[in-house]
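J.: Please see the structure below; I have some questions.
Every number here is computed from the coordinates shown, using simple stated rules; none is lab data. Every value quoted in this text rests on a predicted model; they were computed, and no experiment measured them. Cβ atoms come from the backbone with ideal geometry, glycine included; neighbour counts cover every protein chain shown.
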Amino acid sequence: DAVDGLNVRLTVNMEYQTIVEEELDAAISFYTDQTHKPRGCIIVVEPKTGSILAMASRPHYNLNTREGLQEGAYHFAVQSLYEPGSTFKIVSVTSAVDSGKATFDTMINCTPYPVPGSRPVTDAPRSYGGLTVAGVLKKSSNPGAFRIALKSGWPTYKKYFDLYGFSSKTGIDLPGETNSQCQDGSNFVNFSRISFGYSLMVSPLQVAMAYAAIANDGVRMRPRLVDGIYVDDKNFQPSPPVEVCRVMSVKTARDLRNALFHVTDLDGTAKRARIEGYNVGGKTGTAHKVKPTGGYFENRYTVSFVGMLPVEDPAFVCLVVIDDPTSKHCHPGGGTVCAPVFQKLATRLAAAMNIPKNSPSAETNKKASRTQTSSTPSKPPRR
């Protein structure tokens, strides 16, 4: 005789999932034109447990009836790979700071870096002189990120690359998870590109869990989708959170969160992610799309933003990725496309989670902190 399977309880919260689905659909619709519809995903993670609170991908289809099934309708968040762009600069910064090669106040030369046998690393059309390590994240400087990575050297950089989980699957309880791809970083040209998020492909889930490690005071968790199993009506067998490894020290993680907080300053790349009453931290990413014939498209991008709220003790980390958006409203970038999506989404999530807002005194201190840490005024780059 047939035996009934066991019931499972997921970590997914249906209220949060509904919010994510609505905001992702709205974003995809807004950045669609008559000839093209972008792909995308949103992942919301609870840092301390690794629990996936909500996750959605587009395009998608009805898994029961296969209605809407089309080419490319797979789980973008788990099965897709993309070049992350500037969201990957956390590896350069973490490797240098946590290994003692630099501090967040170390000054970095951010002028173009000549790479023998290849194009120089630049911030074109912008150009920065000197920025602190924290300023490199805030302004998203490519030559700055590479010079920070050079302070670490490839062996140390690769160590943190691995600790962040970019060399292995996350181990989520879903079929078909895709592993990353990365060029050999011992090659100087490759290393120069990897340092700011090119010459490698990662999954959105890998990026989300890496930032969750920063939010969790440096400890990376295995993504948790199953909260537990009902053995019978009265017995529930929980599935406990699993620590994978410590990526960095507690101090490095907290200082890094502070640096990510200032990325949302008015002169940072993620000013559109700011939410009144909350301290938001995060990082923008913009990467040119690869041509099938080789090289990169000039005006086609994969854009992203990873944010956490509240940054001092994050209740959640949220990654937004939009692949190949079209827009008449702005130049597509992580700060112009994905940061506003995060802002709308995180505002709704904070209300749904009953996360208290800052006290008036905290708001005053926050504004003073932003004023004191502002660097030389300049136009924020679209990264």
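J.: Just want the answer: with Cβ charges of +1 for Lys and Arg and -1 for Asp and Glu, which residue in 209, 113, 44 is farthest toward the dipole's positive end in the chain?
T.: 113
J.: May I ask for the Rg/Rh ratio of the range 66-161, computed from Cα atoms with Rh as the Kirkwood radius, given to two decimals? Could the numbers behind the result be given before it?
T.: Numbers: Rg = 17.0 Å, Rh = 14.9 Å.
Result for the range 66-161 is an Rg/Rh of 1.14.
J.: Further question on the same structure: Which residue, 301, 230, 347, has the largest displacement toward the positive end of the dipole of the chain when charges sit on each Cβ (Lys, Arg +1; Asp, Glu -1)?
T.: Working it through, the farthest residue towards the positive pole turns out to be 301.
J.: What percentages make up the Cα-Cα pair-distance distribution of the range 274-334 when the bins are 10 Å wide from 0?
T.: 21, 38, 26, 12, 2
J.: From the phi of every residue in the range 19-25, what ³J(HN,Hα) in whole Hz does the Karplus formula 6.51 cos²θ - 1.76 cosθ + 1.60 yield, where θ is phi - 60° and glycine or proline is x?
T.: Along the range 19-25, the couplings run 4, 4, 4, 5, 6, 5, 4 Hz.
J.: Next question, about the same structure. What dipole magnitude, in Debye to the nearest 20, does the chain give about its Cα centre under +1 on Lys/Arg Cβ and -1 on Asp/Glu Cβ?
T.: Computed charge dipole of the chain: roughly 1660 debye.
J.: I would also like to ask the following. Step through the residues of the range 40-45 one at a time and calculate ³J(HN,Hα) from phi using the Karplus curve (6.51 cos²θ - 1.76 cosθ + 1.60, θ = phi - 60°), rounding each to whole Hz and writing x for Gly and Pro.
T.: Rounded to whole hertz, the list is x, 7, 9, 10, 10, 10.
J.: Rounding to the nearest 10 and keeping the result within 0 to 90°, find how far the Cα-based axis of helix 89-98 lies from the longest principal axis of the chain.
T.: On a 0 to 90 degree scale, this one is about 70.
J.: In whole Hz, what ³J(HN,Hα) sequence does the range 152-167 give by Karplus (6.51, -1.76, 1.60; θ = phi - 60°), x for Gly and Pro?
T.: Working through the residues one at a time gives 7, x, 4, x, 5, 4, 4, 4, 6, 4, 6, 4, 5, x, 8, 10 Hz.
J.: Which residue fluctuates most in the GNM of the chain (Cα springs below 10 Å): 138, 328, 234?
T.: With Cα springs under 10 Å in the chain, the top fluctuation among 138, 328, 234 is at 234.
J.: Arrange the following residues from fewest to most other Cβ atoms within 10 Å of their Cβ: 347, 170, 269, 65.
T.: On the way: 347 18, 170 21, 269 29, 65 8.
Ranking 347, 170, 269, 65 by Cβ neighbours within 10 Å, fewest first, gives 65, 347, 170, 269.
J.: Given that just one value was derived from the coordinates, which of (i) 29, 59, 11, 1; (ii) 28, 53, 17, 2; (iii) 27, 56, 17, 0 is P(r) over Cα pairs in 20 Å bins from 0, in percent?
T.: Of the listed options (i) 29, 59, 11, 1; (ii) 28, 53, 17, 2; (iii) 27, 56, 17, 0, (i) comes from this structure.
J.: On to the next question. When you count, for each residue, the other Cβ atoms within 10 Å and take the mean per peptide, how do 120-132, 36-48 rank with the highest first? Walk me through the intermediate numbers first.
T.: Values: 120-132: 15.8, 36-48: 23.3.
Ranking the peptides 120-132, 36-48 by packing returns 36-48, 120-132.
J.: Could you please state, rounded to a whole Å, how far the C-alpha centre of the range 303-353 is from the C-alpha centre of the range 192-238?
T.: What the calculation gives is 18 Å, centre to centre.
J.: Let me ask you something else. Where the only charges are on Cβ atoms (+1 Lys, Arg; -1 Asp, Glu), what is the dipole of the range 103-176 about its Cα centre, to the nearest 20 debye? Before the final figure, lay out the partial values.
T.: Details: 9 positive and 4 negative charges, 33 e Å.
It works out to roughly 160 debye.
J.: Report the convex hull volume per residue for the range 146-185, counting only C-alpha atoms, in Å³.
T.: Working: hull volume 2.8 nm³, N = 40.
Output value, Cα hull per residue: 70 Å³.
J.: Given only helices, namely DSSP H runs of n ≥ 4 each adding -39500 (n - 2.57), what is the per-residue ellipticity at 222 nm of the chain, to the nearest 500 deg cm²/dmol? Walk me through the intermediate numbers first.
T.: Working: 11 runs with 119 residues, N = 383.
For the chain, the value works out to -9500 deg cm²/dmol.
J.: Name the long-range amide H neighbours of residue 230: under 5 Å, sequence gap of 5 or more, or other chain; modelled H, no Pro or chain starts.
T.: Answer set, sorted by chain and number: 7, 8, 9, 237.
J.: Considering only Cα-Cα distances, which of the following residue pairs are longer than 31 Å: 139/251; 37/283; 37/158; 158/344? Walk me through the intermediate numbers first.
T.: Details: 139/251 23 Å; 37/283 25 Å; 37/158 36 Å; 158/344 35 Å.
The answer is 37/158; 158/344.
J.: Among 6, 330, 122, flag the residue with its Cα farthest along the positive direction of the charge dipole of the chain, charges on Cβ as +1 for Lys/Arg and -1 for Asp/Glu.
T.: Selected residue: 122.
J.: Rounding to the nearest 20 debye, state how big the charge dipole of the range 6-157 is about its Cα centre with +1 on each Lys and Arg Cβ and -1 on each Asp and Glu Cβ.
T.: Its charge dipole is roughly 700 debye.
J.: Search the structure for amide H atoms under 5 Å from the amide H of residue 244, placed 1.01 Å from N in the peptide plane, and list their residues when 5 or more places away or on another chain.
T.: Those lying under 5 Å, H to H, from residue 244 are 220, 221, 222.
J.: What order do you get for 118, 80 when you list them from fewest to most C-beta neighbours inside 10 Å? Present the calculation step by step, with values, prior to reporting the outcome.
T.: Values: 118 12, 80 22.
Ascending number of Cβ neighbours within 10 Å: 118, 80.
J.: Pop a pseudo-label 7 angstrom from the Cα along the beta-carbon direction at both residue 293 and residue 237 and give the gap in nm to one decimal.
T.: 5.7
J.: Can you order the peptides 82-95, 193-206 by their average number of other Cβ atoms within 10 Å per residue, highest first?
T.: The densest-packed peptide leads the list: 82-95, 193-206.
J.: Compactness ratio of the range 121-223: Cα Rg over 2.2 N^0.38 Å, N = residue count?
T.: Details: Rg = 14.8 Å, N = 103, 2.2 N^0.38 = 12.8 Å.
Compared with the compact-globule rule of thumb, the range 121-223 sits at 1.15.
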